[in-house]
Each structure stands twice: as structure tokens, then as C-alpha cells.
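Undergrad: Okay, here's the structure, questions in a sec.
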Amino acid sequence: MSRVSTMLAAAAFALPFAAHAHTPPEGTERLGTVNFAVSCRSQAEFNRAVALLHSFWFQPADKAFRDIAAKEPSCGMAWWGVAMVMLGNPLAGAPTAQGLKIGLDIVEKAKAAGARTERERAYIAAIEAFYRDGDKVPHRQRALAYEKAMERLAAEYPADSEAKIFYALALNITFDPRDKTYKNQLKAAGILGAVFKAQPEHPGVAHYLIHSYDFPPIAGKGIDAAQRYAKIAPDSPHALHMPSHIFTRVGYWQASIASNAASAAAAMKEYAAKPTSAPLSNAYHAYDYMAYGHLQLAQDKAAQALIGKILAVKKIEFTHTIGAIAAPYAIAAIPTRYALEREQWAEAAKLEIPAVDLPWKSWPQTAAIVAFGRGLGAARSKDVATAEKARAELAQYKAALDRMKQAYWANQVEIQAEVVEAWIKFASGKTDEGLAQMRVAAEWEDKTEKHPVTPGPIIPARELLGDMLMEAGKPKEALAAYEHSMSVEPNRFRGLAGAARAAERAGEKAKARDYYRRLLMLAEKGDGERPALKAARAYLAVD
């Protein structure tokens, strides 16, 4: 067993979560501490607005910056703040064409209002690089221009910690998903770590450290920031959610559930007070992570209850920001995960896009989730005709994403299509062809990184390779596939259950005992009965 697996087996099930341990004076707004010096008179208000921005609390941040601009028309940095808000979550991808146009108009307002210092003008020029020629220059090229501008700004003003923080964020925006040395992310983490020592209550530092370490080989380095961020800014729904990015990466499911329950409650409270798209997206994003955690703990009733919550709102309005994908993603993903994680293949074969009034064509990658679940469920139920139809749907979604120049998501949908095609071949008796294609899909997925909108793949491809190898009568190879998958996605219920079964059939008694025991420990507070748990109890009772 790897060092990471040993650590997780011992500690992952009872990690304390203390999102509300930080208790400031009654009535105090709890957003963390930011000191972003500007020449505007509204310094305190500006610091608060930047604190909101750092926690991606976009609606109140937008209002705060606009209020400063109205109060102080010559404060160009207030419009810089609005332009930053208009990016939405810059780690999630490019703004829409509408968002780019609006953002550039706001940059022009910042320039017209004026900035009293060269430093402030440099901030405005940097964000202009993100918006300028958005209809002509590719997103990545503009993002790299912004990164270089922030690098120059941070070098020219070494005492400006905010320049360092925003430069580190830019490095995380422009990382290369194919770079498994994590050069950008580790460079960003080094910058942020130094600032964190001097400013331990800064919300942006904790937030962006989590994003810097949100990758399997380095996720353990982010546990400290994850445990601290919710305490720093507990009034922010996103700050309450963000620790779960690390908790999910290392398999701390109960901590992830607690983190997201607090986030969803805060977001829904805000939504009830003033219905807008972003708070609802925040809640649905948290529900997706919650459902994922519950399913790993075999808390199936709790996961099912979340399906009811996400379908309760029948029509959802959206702004132009990229963050809007969180709600449709969760609406598609949670019911699909619910069927697939429980291995209810016939149930999965009947999945349809949920009856929520959404412009699904705007997000082909979310509709593709449902087609993937239906195709996989049908193929594993030997319903090849239904699986073939789902495979054709995935091809259409991939083509739509190609037209939209959404290369990352087109790639993800193509991997899903490869998985469904592999299981179609396997179900049709073409065992060797199915296995070969499933290996290709698994290797392809290994080379990609998950998007921040999701806690992980709907079902890891290498885990599915393990399933296919088991059905093909190759338990030793299956065990290797499951163990490989768990090195990237630790403490998954299906990963542990598959590894236990494979070890048992391969005659690896010590490993079978260990994996079955870990499975029972994982599902100790489960609320449903899964066949794998019965098998675990039976094996350990006899062994």
C-alpha cells in the first residue's frame, strides 16, 4: 500500500471540520483581512470590495465597487474592480462574448475615470489585456498577456502584496493541463505561501492556495489552507465550499460534506433573500460536491435527497458569467452519479435530461453527462441499441463544443464517448477490442485534469477499466487498474470495492482483507445496503 493510501486509511474518516470555529464580535462582517492601498478616498470600502472579490462573491463585490464609483467618480480603481468581477471565476474558463464586451466597456470606464498613480494605471492596463480584442484573440493568449502584465506589476512594486496575490492567481489561470510537473501551480503556491506568513487572515491567499494544490499528487500540501479558509471568511458561501476541493482530492468525505452543507445553507439563505443566479449556482455547486461525498460513504438516501433539492427550482436565470455552469452541471451530474455510483445500470440506462427550464444548448458538456450515464448504463445492461444512440448523442455534443471552441470540454466528452464505445464492444462480445479501447480512454483521462466545477470524473475511466478486466476474468490486471485509479481518486467506494473483489479472486488474501476492512470503515455510517458491503462482511467473517 502507498504512503498516501496508508495515511488516508488511518485518518480520512474522522477529519474534524471547524468552519465556524472563528467567532468575531457580534455584527462583524467576516470576510478576512485585505489591505489593498489605493489613492481613492474610499479605502475601507475598497478593501471590503476586494475581500469579496477574493472569495468570488461576485454580486456583493460588484455592488461594492459600483458604490465606490458612484461616490467617487474619479476612482478608476473602482471600475477596475468591476472589470475583475465581470470575469466571474477566471479558473473556470473564458467569459462569454457578451461578458467580454461588457468587461471591455468597463475597462474604458476605468480609464476615463482616471487613476492617480502609475501603479493603479498598471492594474487597469493588465485587466484590459484580458478583455481587449476578445472577438479576435484566443482566450489563452489574452490570459497569458494578463499573466505577464501582473508579473511585471508584481516585480515593479515588490511591496505590493496584492500584486503578488493576483499574479499567483494568473499563474493558476494559465497553467497547462498537460504539465504534470505543475510548474505554474507550484510557483503560485510559493508566492502565496510567503504572503500567507505575513497575512494569515487574507482570504485570497487561502483561496488561491487551495486552487494551486487542487491536483492529486500535491493535494496534501493544501490541507492547511483548506482547514483555514472557512475560518478566515465564514460569511462567504464560496469560502465555506472551497476547502472541499482539497478534502475531495484526499478522500476526506465527511469534511467535504460538512464544508458544502455550510456553503449551501449560506447560499440558499442569500438566494431566499434576493433570488439571483450566482447564489443558486453556489448552492448547486455545493450540492454536487455533497452528493459525491455521500455516495462514497454509501449514504445513498442523503444523496437522493439532494436530487430533490436541485430539481425544486424549475426555471433558473443566468447572467453572462462563466460561473453559471455550476448549476446546470450539478443538475445533470447528481442524478447521473446517483445511478452509476450505486451500479444501477438499468436505472442509468433510462436517464434523461432533468425537467428544469435551462438553455442546455449553451452547455453541451452538461447534457453530455446524462448521455454518458445513459450510454454506460445501457451498454452494461447489454442494451446495445440504446447505448449506440447515446454514443451518437455524445458525438453531437462534442461537435457543438468544437464549434464553440471549448477544447477542454470537447476532449472530456470525447473520452466519455470512448468509454461508452468500449463497453458497447465488450457487450457485443468483442472483448479484446473493448479492453483495448477502454485502456486508451483510461490513459487519455490520466493525461487530463478535472475542471474546478466538478469534484471528479462522473466515473473514473481507469476504475471502469478495472470493472471490464474483472468481467473478462483478469483479476490481477483489474487489481492493478483499481489501485492505479485510487492513487489519483483515493477512498472512492467503487475503487475500494473493486480492489477488494479483484484481490479476493486473484488470491491476494492480505490485500482483500485490507480493502474489505477499509470499505466497511468507509461506509460505517451508510444509509443504504450495497452488495459490496454484504460481500465484505461475508469475506471477513469467514477469513
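The values are calculated or read from the model by the stated rules, or taken from the named source; none is laboratory data. Predicted model only: the values in this text are computed from it and were never measured. Neighbour counts run over all protein chains shown; Cβ positions are idealised from the backbone, glycine included. The area values use the complete protein model at the heavy-atom level, side chains included, leaving out ligands, DNA and RNA. Shrake-Rupley method; radii C 1.70, N 1.55, O 1.52, S 1.80 Å.
Undergrad: Name the pairs: first residue in segment 72-94 and assigned to a helix (DSSP H, G or I), second residue among the acidic types (Asp, Glu) and open to solvent by less than 10 Å² (accessible area, probe 1.4 Å), Cβ to Cβ under 8 Å, at least 6 apart or on different chains?
TA: Close Cβ pairs (under 8 Å, with a partner that is among the acidic types (Asp, Glu) and open to solvent by less than 10 Å² (accessible area, probe 1.4 Å)) amount to GLY76/GLU120; MET77/GLU120; ALA78/GLU72; TRP80/GLU120.
Undergrad: From the list ALA346, ALA371, ALA387, which one is open to solvent by 10 Å² or more (accessible area, probe 1.4 Å) and at pLDDT 95 or above?
TA: Just one listed residue meets the conditions, ALA346.
Undergrad: For GLU151, indicate whether it is open to solvent by less than 40 Å² (accessible area, probe 1.4 Å) and within 29 Å of the chain's Cα centre (by Cα). Walk me through how you get there before you give the answer.
TA: Working: open to solvent by less than 40 Å² (accessible area, probe 1.4 Å): no; within 29 Å of the chain's Cα centre (by Cα): yes.
Answer is no for this residue.
Undergrad: Hey, another quick one. For segment 417-437, does any single residue satisfy the condition of being at pLDDT below 95, open to solvent by 20 Å² or more (accessible area, probe 1.4 Å) and of a type in the set (Lys, Arg)?
TA: No - not one qualifying residue is present in segment 417-437.
Undergrad: Further question on the same structure: Checking ALA538 against (1) in contact with a Leu (Cβ under 6 Å, 6 or more places away or on another chain); (2) open to solvent by 20 Å² or more (accessible area, probe 1.4 Å): exactly one of these is not met. Which one?
TA: Every condition holds for ALA538 apart from (1).
Undergrad: Would you pick out the residues in segment 311-347 that are part of a helix (DSSP H, G or I) and within 26 Å of LEU100 (Cα to Cα)?
TA: ILE322, GLY323, ALA324, ILE325, ALA326, ALA327, PRO328, TYR329, ALA330 - these are the residues of segment 311-347 that are part of a helix (DSSP H, G or I) and within 26 Å of LEU100 (Cα to Cα).
Undergrad: Right, next: Please specify each residue of segment 471-506 satisfying the condition of being touching a Lys or Arg at 6+ places or on another chain (Cβ under 7 Å) and under 13 Å from ALA461 (Cβ atoms).
TA: ALA481, HIS484, SER485
Undergrad: Right, next: Determine whether LEU52 is under 22 Å from GLY204 (Cα atoms), open to solvent by 20 Å² or more (accessible area, probe 1.4 Å) and touching a Pro at 6+ places or on another chain (Cβ under 6 Å).
TA: no
Undergrad: Within segment 265-314, track down each residue that is touching a His at 6+ places or on another chain (Cβ under 8 Å) and either open to solvent by 20 Å² or more (accessible area, probe 1.4 Å) or within 26 Å of TRP57 (Cβ to Cβ) (or both).
TA: Listed by number, the residues that qualify are ASN282, HIS285, ALA286, TYR289, ALA302, LEU306.
Undergrad: How about segment 186-202: which of its residues are part of a helix (DSSP H, G or I) and either hydrophobic (A, V, I, L, M, F, W, C) or within 19 Å of ARG48 (Cα to Cα) (or both)? Give the steps one after another, and end with the answer.
TA: Within segment 186-202, the subset part of a helix (DSSP H, G or I) is 186-198.
LEU186, ALA188, ALA189, ILE191, LEU192, ALA194, VAL195, PHE196, ALA198 - these are the residues of segment 186-202 that are part of a helix (DSSP H, G or I) and either hydrophobic (A, V, I, L, M, F, W, C) or within 19 Å of ARG48 (Cα to Cα) (or both).
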